[in-house]
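Heads up: the structure comes next, in structure tokens.
No value in this document is a laboratory result; all are computed from the given coordinates. Keep in mind that this is a model prediction, so the values were computed, not measured. Counting neighbours? That spans all protein chains shown, and the Cβs are built from the backbone with ideal geometry, glycine included.
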Amino acid sequence: SSLFGHVEPAPKDPILGVTEAFLADPSPDKVNVGVGAYRDDNGQPVVLSCVREAERRILGNLNMEYLPMGGSIKMIEESLKLAYGEDSGFIKDKRIAAVQALSDTGACRLFADFQKRFLPDSQIYISTPTWSNHHNIWRDAQVPQKTFTYYHPESRGLDFSGLMNDIKNAPDGSFFLLHACAHNPTGVDPTEEQWREISHQFKVKKHFPFFDMAYQGFASGDPERDAKAIRIFLEDGHQIGCAQSYAKNMGLYGQRAGCLSILCEDEMQAVAVKSQLQQIARPMYSNPPVHGALVVSIILNDPELKGLWLKEVKGMADRIIGMRKALKENLEKLGSPLSWDHITNQIGMFCYSGMTPEQVDRLTNEYHIYMTRNGRISMAGVTTGNVAYLANAIHEVTK
Ligand code: PMP
């Protein structure tokens, strides 16, 4: 009889639900390797020094007026330089339609809505597996989804021939969602050579690549290196789309600072596309938040602060790479007969461990270790202090 009586509770988000369960566990041994947010070696959240300095410069000096509908022009300029290259001809020729977005998620959603509005018969090809929210985003934008082969469970690496076949078999002119670097959840990226082959095949098939770049700099420690896949596609003359985020690489998670860009045929097309992206944003949130955008543009605009940022992002990547090594070495020291090479071969925030949902359940129930049931370990939650405990528990449940 009540107006909302028919509303059932929504299913828990598979990723955010893990943190809730972790917080509710009183055990002093508990470990959270679920959520994808960086932690220092004491398990604490980190605010970068370059961000603190940018905040000092903002404090008391700037007003809180609305940004334009498309967001901060300066922040967009700096974002495009990061993604497309400092001296990109596409930037000079004003061929890129770009708007500030509500971090990477918001950029993906804006693009999906744009796709639905202007290419209503198109579909999106999404890798198996992918970050689970990709499915929600394109579902809510009402773009039909197809999947493509990506991960090879036996080798815990890339199924390159399966991937190439699916690219070839998709109808000409299909939209593909690609992870620019640090594929989530697998940590498996194509090599440079493989990216070149993928780009070539996209050209043959006239597919459109949409890059989700949530981890630029966070994967290898070098933003230029992590942009390599995009640069290869640009060299090959593709039009591309790109979602960028400062959540991981600047630690601005809750600030929702990101950028959506679409490389167009010419400046006129870019102006039209940008105006339509703004039109989509207007009734959803009107204009994006100002603080994170200021932090980003202050850092990237100042050579000294940018230098500090590059050092700090490398520091985060290096800590994660170090923890991969430590986890693998601990498992080997315990005498695990299984191969754990994939822990160090994979890149970025996550290790796709290959553990089954039942093994993960045992980790949680017997060892108070929290992670998603697909076996994805957030390496950012691993520390010098818990790596031995984690390795021992993994060894016990995979015996
Ligand atoms: N895309 C991918 C592939 C991700 O891993 C994440 C973060 N988990 C996001 C998008 C969302 O990032 P943001 O917080 O910038 O929206």
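Details
- Calculated on the Cα set of segment 128-234, radius of gyration then Dmax: 13.4, 37 Å.
- Take each peptide in 59-65, 14-20, 251-257, 168-174, count the other Cβ atoms within 10 Å of every residue, and average; sorted highest first, the result is 251-257, 14-20, 168-174, 59-65.
- Size of charge dipole - segment 202-348 - debye, nearest 20, with Cβ of Lys, Arg +1 and Asp, Glu -1, no other charges: 360 debye
- Given charges at Cβ of Lys, Arg, Asp, Glu: the chain dipole, positive-most of 177, 167, 307: 177
- If only the Cβ of Lys and Arg carry +1 and only the Cβ of Asp and Glu carry -1, the dipole of the chain around its Cα centre is close to 320 debye.
- Alpha-carbon Debye profile of segment 161-298, log10 I(q)/I(0) at 0.11, 0.13 Å⁻¹: -0.47, -0.65
- Per-residue ellipticity at 222 nm computed for the chain from its helices equals -14000 deg cm²/dmol, with DSSP H segments shorter than 4 residues left out and the rest contributing -39,500 (n - 2.57).
- Average silhouette area of segment 340-384, convex hull of alpha-carbon atoms, in square nanometres: 3.3 nm²
- Principal axis analysis of the Cα atoms in the chain yields extents of 62, 60, 57 Å, listed in decreasing size.
- Exposure proxy shown here: for 163, 23, 334, the number of other Cβ atoms within 10 Å sets the order, fewest to most, as 23, 334, 163.
- Exposure proxy order (Cβ contacts within 10 Å, fewest to most) of 125, 246, 352: 125, 352, 246
- When each of the peptides 146-156, 94-104, 315-325 is scored by how many other beta carbons lie within 10 Å of its residues on average, the order from highest to lowest is 94-104, 315-325, 146-156.
- Amide proton proximity set for residue 188, modelled H, under 5 Å, gap of 5+: 183, 347
- Taking the Cα centre of segment 195-255 as reference, the dipole from Cβ charges on Lys and Arg (+1) and Asp and Glu (-1) amounts to some 180 debye.
- Overall form of segment 1-136 per C-alpha gyration tensor (a/c, 1.5; a/b vs b/c): oblate
- With 10 Å bins from 0: P(r) over segment 308-399, alpha-carbon pairs, percent: 17, 51, 25, 6, 1
- FRET efficiency estimate (nearest 0.05) - Cβ-Cβ, residue 266 to residue 339, R0 51 angstrom: 0.50
- The ranking of 108, 181 from fewest to most other beta carbons within 10 Å of each one's beta carbon is 181, 108.
- Applying a threshold of 26 Å to the alpha-carbon distances of 328/399; 203/325; 74/94 flags 203/325 as lying beyond it.
- Nearest 10 degrees, 0 to 90: helix 49-58 Cα axis against the chain principal axis: 40 degrees
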